[in-house]
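Report on the following structure.
The values are calculated or read from the model by the stated rules, or taken from the named source; none is laboratory data. Treat the numbers as computed from the prediction; the structure is a model and nothing was measured. In this analysis, Cβ positions are derived from the backbone assuming ideal geometry, glycine residues included, and neighbour counts consider all displayed protein chains.
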Amino acid sequence: MLLIQIATGVVYFMSIALLQEYFDTSYIDYLFFTKIAIITLLSWAPLHLLYYISETCDPSEHRKIME
């Protein structure tokens, strides 16, 4: 999953670099990347928080045996 996300980011930024006539790059600045980071965090964090809570409250059989 992590490799696919990295590959997606690479393809996105390479397409901006190679196809500049199709992209308006005037809005890409520090604030743009800050907004992307906030949106990513808001969409990513709840799922991982719920996963952590569920694993803590109801660990898998493998985890119970290992502890």
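For the reader, a short list of remarks on this structure follows.
- Considering residues of the range 26-40 that are among the β-branched types (Val, Ile, Thr) and more than 21 Å from MET1 (Cα to Cα) only, the residue surrounded by the most Cβ atoms within 10 Å (Cβ to Cβ): ILE28
- Selected residue (only one of LEU2, LEU50, LEU31, LEU19 is free of Cβ contacts under 8 Å to residues at least 40 places away in the same chain and within 13 Å of the chain's Cα centre (by Cα)): LEU2
- Extreme residue, modelled with the lowest pLDDT, among residues of the range 41-59 that are surrounded by 10 or more Cβ atoms within 10 Å (Cβ to Cβ) and over 19 Å from GLN5 (Cα atoms): PRO59
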